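Student: Attaching a single structure in structure tokens format; questions to follow.
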Amino acid sequence: MAKTAHDPSMILKPGCYDGLNQQIVNEMHASLQYNAIASYFDSEGLPALAGHFNRQADEERTHALKFVKYLHDAGARPLFKSIPDVRNDFKSASDAVQCALEGELKVTSQINDLVGTASKQNDYMTHTFLQWFVTEQLEEVSTVSTLLQIIKHAGPSLLLVEDHVRRMAAAAPEEADA
Ligand code: FEO
């Protein structure tokens, strides 16, 4: 595959440059989706859940910037493309968190595909870079799955979920900076 005009890298293997650029958009999309979910919880008078999802949004933006930095480090110029629309309308708390879970499963599949491309192309540097994301996805899918289960168990008692999220944030204050 021919290199594109912005890919002067002598290191990245074919396919990896485009895939890494696409993942910047995917992570920014995940960030915006989390902001929309946080807004839903804010409008429902549930500030702890809103805070949790705003922190998740910040994390996703950090993930996007890790891809930007990696491309620069590899001597390539990142390409910034537009972000697809996100969902803004949610029927319930579980609908909103289900949307978050589906988003994390999608990102997991995107990261897996990128690992597959790096592997096929013998791009071991990109493959190694991606391992952090593989582990991160396991944690994020697990966290949002647990939250969804808790919300389903809580039924209409969402103030109990608020308490749970506050305890979770207090136990992991570094979450805000991840
Ligand atoms: Fe960076 Fe949760 O995907």
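Student: Just want the answer: with Cβ charges of +1 for Lys and Arg and -1 for Asp and Glu, which residue in HIS52, ALA36, PRO14 is farthest toward the dipole's positive end in the stretch 13-59?
Tutor: My answer, from the dipole projection, is PRO14.
Student: Once both axes come from the Cα atoms, what is the angle between helix 93-120 and the longest principal axis of the chain, in degrees from 0 to 90, rounded to 10?
Tutor: 20
Student: Now for a different question. Give, rounded to the nearest 20 debye, the magnitude of the charge dipole that the chain has about its Cα centre when Lys and Arg contribute +1 at Cβ and Asp and Glu contribute -1 at Cβ.
Tutor: Values: 15 positive and 24 negative charges, 93 e Å.
Charge dipole of the chain: 440 debye, to the nearest 20.
Student: Let me ask something additional. Identify all lysines with a Cα-Cα distance to LYS13 below 25 Å; exclude those on the same chain that are fewer than 8 residues away in sequence.
Tutor: The reachable lysines, counting only those whose Cα sits under 25 Å from LYS13, are LYS3, LYS66, LYS69, LYS81, LYS106, LYS120.
Student: Rounded to the nearest 10 degrees, what's the angle between the helix 16-43 long axis and the longest principal axis of the chain, both from Cα atoms, 0 to 90?
Tutor: 10
Student: If you line up the long axis of helix 158-171 against the longest principal axis of the chain, both from Cα atoms, how many degrees apart are they, to the nearest 10?
Tutor: 50
Student: Ok, one more. Be a star and scan the stretch 21-54 for residues whose amide nitrogen sits under 19 Å from the point 7 Å along the Cα-to-Cβ vector of SER157.
Tutor: 46-49
Student: Would you kindly calculate the mean projected area, averaged across all directions, of the convex hull enclosing the Cα atoms of the stretch 1-117, in square nanometres?
Tutor: Numbers: hull surface 29.6 nm².
Average projection, Cα convex hull of the stretch 1-117: 7.4 nm².
Student: Helix-derived [θ] at 222 nm for the chain: sum -39500 (n - 2.57) over DSSP H runs of at least 4, divide by residue count, nearest 500?
Tutor: Values: 5 runs with 128 residues, N = 178.
Theoretical 222 nm ellipticity from helices: -25500 deg cm²/dmol.
Student: Could you grab the relative contact order for the stretch 44-176? Cα pairs under 8 Å, six or more apart, rounded to a whole percent. Write down the numbers at each step before the final one.
Tutor: Details: 58 pairs, mean separation 52.3, N = 133.
Computed value for the stretch 44-176: 39 percent relative contact order.
Student: Highest GNM mean-square fluctuation, the chain, Cα pairs closer than 10 Å: which of ILE24, ILE150, ILE111?
Tutor: Judging by the Gaussian network model, the answer is ILE150.
Computed from the coordinates by the stated procedures, all read-outs in this text should not be read as laboratory data. These numbers come from a predicted model, not from an experiment. Ideal geometry is used to build each Cβ from the backbone, glycine not excepted, and the neighbour counts take in all protein chains shown.
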